[in-house]
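Working notes, structure below.
The values are calculated or read from the model by the stated rules, or taken from the named source; none is laboratory data. Treat the numbers as computed from the prediction; the structure is a model and nothing was measured. FYI the Cβ positions are ideal-geometry reconstructions off the backbone, even for glycines, and counts take in every protein chain you see. These area figures cover heavy atoms from the full protein model, side chains too; ligands, DNA and RNA do not enter into them. Shrake-Rupley method; radii C 1.70, N 1.55, O 1.52, S 1.80 Å.
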Amino acid sequence: MKQIAEALLQIEAVTLSPTEPYTWSSGLKSPIYCDNRLTLSFPNVRQVIVDGLVKSVNPTEVDVIAGTATAGIPHGALLADRLGLPFIYVRSSAKGHGKGNQIEGKLEAGARVLVIEDLLSTGMSSIDAAQAIREAGGEVTRIQAIFSYGLPVLEKNLADANLSATSLTTFSELIEVAENTGVLNRSELDSLRDWQEDPRAWSDLVTS
């Protein structure tokens, strides 16, 4: 949805900086940074995103909405509330105290679960959450994200885990919006596309 891509750029939930790259937690340099938690501070954008999530779901095929901790929790909870469905969230690992839960909330065996994620890069955090749900007896129907970088490694990782994922808007739509609005020049746009094809090679090139 280009409307969402436009909104993410406008409120700077997604920022583009090919000439002064960001450093990810992995240490890689990147010309793009996404923080969809920022959308929660903008009611109109938040509404558009939840509307998009609602349209992406067939309620007759889902029993439970799950949010990934922490960024997938608020949008997942908003979606569950709109649909009148139970909500759970999945930690990156089990707690080291109390009951030691990794999944918070009630998950019945055999329940069909839609996993909500804010961002898909390699997909591993979402896949780990899905695996935890499977191990607890749930059936993961799909991973639904707000935004995806569309990296080649994502499709491989999803296939290896026998999972599918969709997003409300994509890197390609975002770049198209950036091009149409003149946010970036031709050279910068080409640099972003090079990054998407091979983030590690791009990072190595700009740090060499």
Once amide hydrogens are built 1.01 Å from N within the peptide plane, the residues lying 5 or more places from residue 163 or on another chain with amide H under 5 Å from its amide H are none
Whole-percent carbon and sulfur contribution to the accessible surface of the chain (1.4 Å, no ligands, DNA or RNA) stands at 48 percent
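What is the magnitude of the charge dipole of region 1-130 about its Cα centre, with +1 placed on the Cβ of each Lys and Arg, -1 on the Cβ of each Asp and Glu, and no other charges, expressed in debye to the nearest 20?
Computed charge dipole of region 1-130: roughly 220 debye.
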Note to self: with every protein chain in place and a 1.4 Å probe, the chain gives an accessible area per residue in Å² of 49 Å²
Given the candidates 3, 47, 159, the one whose Cα lies deepest towards the positive end of the charge dipole of the chain, counting +1 at each Lys or Arg C-beta and -1 at each Asp or Glu C-beta, is 47
Options (i) 12.1; (ii) 12.7; (iii) 10.8 for mean projected area of the Cα convex hull in nm²; the value derived from the coordinates is listed as (i)
Among 18, 84, 58, the residue whose Cα sits farthest towards the positive end of the charge dipole of region 1-199, when +1 is placed on the Cβ of each Lys and Arg and -1 on the Cβ of each Asp and Glu, is 84
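Defining a contact as two alpha carbons under 8 Å apart and six or more residues distant in sequence, what relative contact order in percent does region 68-208 show?
Working: 195 pairs, mean separation 25.2, N = 141.
Relative contact order comes out at 18 percent.
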With the charge dipole of the chain built from beta-carbon charges (+1 for Lys and Arg, -1 for Asp and Glu) about the Cα centre, the Cα from 203, 145, 113 projecting farthest to the positive end belongs to 113
HN-Hα couplings for region 40-51 via Karplus (6.51, -1.76, 1.60; θ = phi - 60°), in whole Hz with x for Gly/Pro, come out as 5, 7, 10, x, 5, 5, 4, 5, 4, 5, 5, 4
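Quick check on the chain: helices-only [θ] at 222 nm, where DSSP H runs of length 4 and up contribute -39,500 (n - 2.57) each and the sum goes over total residues. Nearest 500, please. Please list the in-between numbers first.
Details: 8 runs with 88 residues, N = 208.
Taken over the chain, the calculation gives -13000 deg cm²/dmol.
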For residue 170, the net charge from surrounding residues (Cβ-Cβ under 11 Å; K, R +1; D, E -1) works out to -1
